[in-house]
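Let me begin by presenting the structure, written as structure tokens, before commenting on it.
Where a number appears in this text, it was derived from the coordinates with a stated rule and is not lab data. The shown structure was predicted, so the numbers you read here are calculated from the model rather than taken from an experiment. Counting neighbours? That spans all protein chains shown, and the Cβs are built from the backbone with ideal geometry, glycine included.
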Amino acid sequence: MINNAQTKLRFAPDWTATSLLYAASAAIGRALEIQHSPDWHEGPTLYACLIGAPGTGKTHPLTKALKPLNDHDNGAYQLYQQELKDYKRTIQNWKKLPPDQRETEPDKPIWNHTIVSDFTQEALIKVHSENPRSTAVHVDELKGFFKNFTRYNTGGVQEFFLSNWSRQAIQTDRKGSDPIKIDTPSIGVAGTIQPGILDSLADQDRSENGFLHRFLFAWPEVQALPWDTTPQDGSIFFQWHIIIKRLLELPLYDGGPKILTYTPEAKTMLFNWQRANTEKINNETSEYLRGIWAKLEVYIQRLALILQALDHTRTGKPLSTVESTAMTGAIQIVHYYEQMAIKVYQRLGTSSPLDKLSTLEHTVYDALPEESFTTAQGILIATQYDMPQRTFERWIKKTTLFNKPKRGHYEKLQ
């Protein structure tokens with residue numbers, strides 16, 4: 001399928017493979033987990049980023065891979081619309097009855113869907129609570145996704161996605177709405193970005209706080225291509241629709257997901273790989289890359305789980321263990337993402353934090369004292385150049401630009 005997409009649709013294999021893995025992870029969701037040890041289980045959650053210049057076609061593989069899930073959502077929406085129509089008629093009749101003749105108030109239907117693109121954190125949690133399998137964030141441009149992190153608050157959304165990647169429990173207690181508790185969430189993220197704005201991913205200290213470490217990057221060496229006049233072969237992804245359908249049919253159990261274990265051979269391969277990775281972490285001088293290598297110890301297990309589930313859709317073999325073939329594939333895939341992480345790191349490392357500043361930020365930064373200054377002094381300077389006080393107070397918290405030697409005092413680092 002990946003090769004056919006390359007030869008007939010001219011999709012870069014890196015983008016196609018990453019997109020297929022992401023779609024499969026969303027289809028599996030909370031149906032399966034792999035047990036590393038009794039107190040350490042991993043699900044299939046992925047954060048993926050396709051990197052490519054404008055006109056290279058990076059959007060299309062992700063759209064194609066997610067189409068079966070979108071089709072499934074569309075079918076669910078049509079059913080929801082009919083149920084909503086019936087509900088409105090029923091609730092009107094129910095309200096007309098005298099209170100002593102009313103039975104239990106009818107439940108309002110919900111739209112159980114997987115793909116979300118435009119959302120608030122609260123809406124995302126609600127969607128996931130209504131779809132016990134998974135929720136898959138699909139944003140065409142990840143820069144806009146990151147920009148929205150400060151749309152409603154200064155750090156809550158980013159913190160949410162940091163903990164979500166680790167599959168930490170979600171609990172909300174909002175006034176005026178029912179509380180929501182999801183013990184083991186399965187919310188993935190995937191989107192695209194251009195190399196020219198790749199530096200924006202590191203804004204808000206995301207390269208320091210571990211956020212970027214959580215992304216799998218696919219960045220092939222491709223160029224923009226002229227339009228192809230040959231009719232496209234619509235059958236290339238036909239089998240993919242069948243695969244996703246089979247993954248969606250994996251049952252969800254009230255008592256939790258089905259737990260897979262490693263075969264002895266697969267476990268030996270995993271532990272051998274981890275020992276080599278530990279040596280790599282200990283010998284690495286870059287804190288950024290050390291963080292990447294550490295996260296790959298989680299991703300190798302998630303990828304092995306996904307590959308085993310995909311094998312199940314092909315062979316029909318019962319799902320009880322992750323076998324050596326799946327682990328071999330996961331090791332190879334992790335090696336690819338390791339190389340991509342280095343490529344991204346090298347790109348991010350070639351620029352100074354000052355290169356990312358806006359014209360206004362440059363002006364204010366240059367105007368700040370070279371020696372230590374207080375928050376009040378900085379606010380006075382910033383407002384002289386029409387930078388709002390709250391914007392300045394958030395800005396000076398960037399650890400790549402400022403040091404805080406003591407409370408209320410800052411120093412420029414660049």
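Along the chain, counting only chymotrypsin sites (Phe, Trp or Tyr not before Pro) with a DSSP assignment other than H, G, I, E or B and at most 11 other Cβ atoms inside a 10 Å radius, the longest segment between sites is 254-414. Computed extension length for residue 159-residue 328: 57.5 nm, one decimal, from 0.36 nm per residue of separation with the Cα-Cα distance subtracted. Counted residue by residue at 0.36 nm each, then reduced by the alpha carbon distance between them, the extension gain from residue 100 to residue 271 reaches 54.9 nm.
Its DSSP H runs of at least 4 residues, each contributing -39,500 (n - 2.57), put the calculated 222 nm mean residue ellipticity of the chain at -16000 deg cm²/dmol, to the nearest 500. Ranked from largest, the principal axis spans of the Cα set of the stretch 302-414 equal 69, 26, 26 Å. Short-range pairs are left out: with C-alpha atoms under 8 Å and at least six residues apart, the relative contact order of the chain is 21 percent.
Straight-line reach from residue 67: taking Cα to Cα under 15 Å and skipping same-chain neighbours fewer than 8 places apart, the aspartates and glutamates in range are 140. In the structure shown, the pairs 143/397; 126/181; 8/64; 96/126 are assessed against 19 Å; a Cα-Cα span above that value is assigned to 143/397; 96/126. Two numbers describe the Cα atoms of the stretch 353-412: Rg and Dmax, which are 10.4, 28 Å. Calculated from the alpha-carbon coordinates, the stretch 1-91 shows an Rg and a Dmax of 18.3, 55 Å respectively.
The coefficient of translational diffusion for the chain, derived via Stokes-Einstein from the alpha carbon Kirkwood radius under 4 °C and 1.567 mPa s, stands at 54 µm²/s. Suppose we flag GluC sites (Glu not before Pro) only when DSSP calls them loop and at most 16 other Cβ atoms lie within 10 Å. Which is the longest uninterrupted stretch of the chain? Result for the longest clean stretch: 104-207.
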